[in-house]
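Taking it in order: structure first as structure tokens, then the write-up.
The values are calculated or read from the model by the stated rules, or taken from the named source; none is laboratory data. Treat the numbers as computed from the prediction; the structure is a model and nothing was measured. FYI the Cβ positions are ideal-geometry reconstructions off the backbone, even for glycines, and counts take in every protein chain you see. In case anyone asks, the SASA skips ligands and DNA or RNA and just uses the protein heavy atoms, side chains included. Shrake-Rupley method; radii C 1.70, N 1.55, O 1.52, S 1.80 Å.
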Amino acid sequence: MPSILILDDEKSLREILEILFTNEGFSVFLARNIAEAKKIIDNYKIDIILSDLVVGKENGLDFIRYTYENYPGIPSLLITAYASPDTAMESIKLGVVDYISKPFDNDELVKMVKSIICKECDKKYPDELNKIIGKSRFVDELKDRIIDIAAGDSSVLITGESGTGKELVARAIHELSGRKNKPFIPINCGAIPSEIIESELFGYKKGAFTGAYADKKGLFEMASGGTVFLDEITELPFNLQVKLLRVLQERKIMRVGSTDEFDVDIRVISATNKELEKEVDEGRFRSDLYYRINVVRIELIPLRERVEDIEPLAKFFLKKFSDHMGKNIKEISYPVMELLKSYDFKGNVRELQNIIERGVALEKSDKLLPASILGYFSKKIADDDDILPELKPDSPIQLEKVLETIEKKYITSALNITGNNQSRAAKLLGISLRILRYKIEKYRLL
């Protein structure tokens with residue numbers, strides 16, 4: 001039974017909507033103000049929010065913002081008689097799915113709510129997206145965006161922290177595009193020595209320099225008809241940024257040592273973990289090239305901001321490495337999963353993958369147990385030798401106490417950083433406000 005939270009200060013409208021959605025099989029929660037709505041969402045699982053934009057003297061967007069920060073992924077609809085451009089822009093940032101104007105048709109409202117809740121139920125994504133793992137709203141929206149982008153041929157810029165899967169997204173775009181049967185060539189601009197990067201990208205003509213005994217195709221030419229993925233695009237030397245700009249503008253290249261240009265048919269997807277706008281402002285990246293590569297943009301959020309994806313990712317990696325190593329590890333123990341969900345993951349998905357691979361390599365049973373991964377966390381989490389004791393054959397540990405120590409350490413730190421703002425602390429820890437409050441009470445931290 002799906003659940004809906006209705007926030008409206010008009011008693012008659014709340015009652016009408018309660019009858020309407022109860023008859024449609026919904027579990028209905030009613031709130032007349034934001035305080036009541038917060039109490040409900042902190043204590044019950046809500047599938048969708050229906051809120052008036054004006055709730056008495058309060059702004060419905062304040063509650064939507066609270067939900068967005070503490071329970072990301074819950075879709076919301078706004079009821080309003082009028083929405084200003086500023087309100088519309090703010091609601092988009094907060095993930096509001098749509099508006100419905102007063103007066104509204106009941107059947108239309110029910111149809112809209114059901115379509116939002118059920119749109120994921122029967123959705124079948126192409127096989128090319130199977131490697132993008134997760135159950136968060138972000139992952140679903142990312143897959144939808146990849147499908148839309150793949151249909152065109154515009155340049156794409158993918159941004160996000162290291163380890164968030166930028167190349168995975170780039171490959172998915174290529175494999176869903178009309179170029180899928182042509183090469184996909186990834187190029188790490190920071191990994192190729194500056195003295196040879198031009199000849200690697202553009203190729204060279206015989207005699208262009210010592211050792212150039214024959215003509216050689218560059219990576220752009222080799223990718224003709226396909227896709228070039230330029231990772232760490234900000235590491236591209238400034239003088240080559242001009243040449244890349246010409247490739248994007250004219251679709252022409254010139255080999256080193258040659259005066260002849262020829263056409264090349266490629267799609268360019270770029271990626272960076274830096275703030276590209278800052279690189280432009282500080283003169284390290286050409287503004288004209290920035291606009292050329294930033295035609296379509298995908299921003300990948302850190303794993304710590306989509307905690308609901310940790311479990312499916314961990315299970316995916318568990319099966320992958322268990323199969324690869326010829327082991328029969330079928331599940332992840334509860335304390336391990338809880339530890340993973342409370343961890344910061346500065347290395348994002350790549351770090352989670354490394355943790356699971358390490359655990360599988362060390363695990364001897366058919367379940368991933370804490371002993372197999374605690375060694376990793378003892379180096380990453382502990383500030384001193386006393387926080388996580390070393391596990392030895394003749395020195396048993398109290399696992400529950402160890403995990404409690406880790407949790408208390410990070411919760412206390414988060415509360416100190418945020419000035420005891422529990423909403424911000426929960427977001428910093430990557431857990432829900434409900435879970436944080438439970439643990440604060442459990443450990444008597446306040």
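List of remarks:
- Of residues in region 286-310 being open to solvent by 60 Å² or more (accessible area, probe 1.4 Å) and in contact with a strand residue (DSSP E or B) (Cβ under 8 Å, 6 or more places away or on another chain), the one farthest from Ile149 (Cα to Cα): Glu299
- In region 240-272, the residues that are closer than 14 Å to Tyr291 by Cα and open to solvent by 40 Å² or more (accessible area, probe 1.4 Å): Val242, Arg246, Gln249
- The residues of region 207-235 that are in contact (Cβ under 8 Å) with a residue 40 or more places away in the chain and out of contact with any strand residue (DSSP E or B) (no Cβ under 7 Å at 6 or more places or on another chain), listed by number, are Gly207, Phe209, Asp215, Ser224, Gly225, Glu235.
- Region 194-206: number of residues that are surrounded by 18 or more Cβ atoms within 10 Å (Cβ to Cβ) and either free of Cβ contacts under 8 Å to residues at least 24 places away in the same chain or within 9 Å of Gly218 (Cα to Cα) (or both): 6
- Of all positions in region 120-127, at least one carries a residue that is assigned to a loop (DSSP other than H, G, I, E, B), open to solvent by 40 Å² or more (accessible area, probe 1.4 Å) and of a type in the set (Ser, Thr, Tyr).
- Hits in region 398-446 - residues which are touching a residue at least 40 places away in the same chain (Cβ under 8 Å) and either open to solvent by less than 30 Å² (accessible area, probe 1.4 Å) or in contact with a Phe, Trp or Tyr (Cβ under 8 Å, 6 or more places away or on another chain) (or both): Ile406, Glu407, Ser423, Ala426, Leu429, Gly430, Ser432, Leu433
- Members of region 89-110 found to be loosely packed, with under 11 Cβ neighbours inside 10 Å and modelled with pLDDT of 80 or more, listed by number: Asp105, Asp107, Glu108
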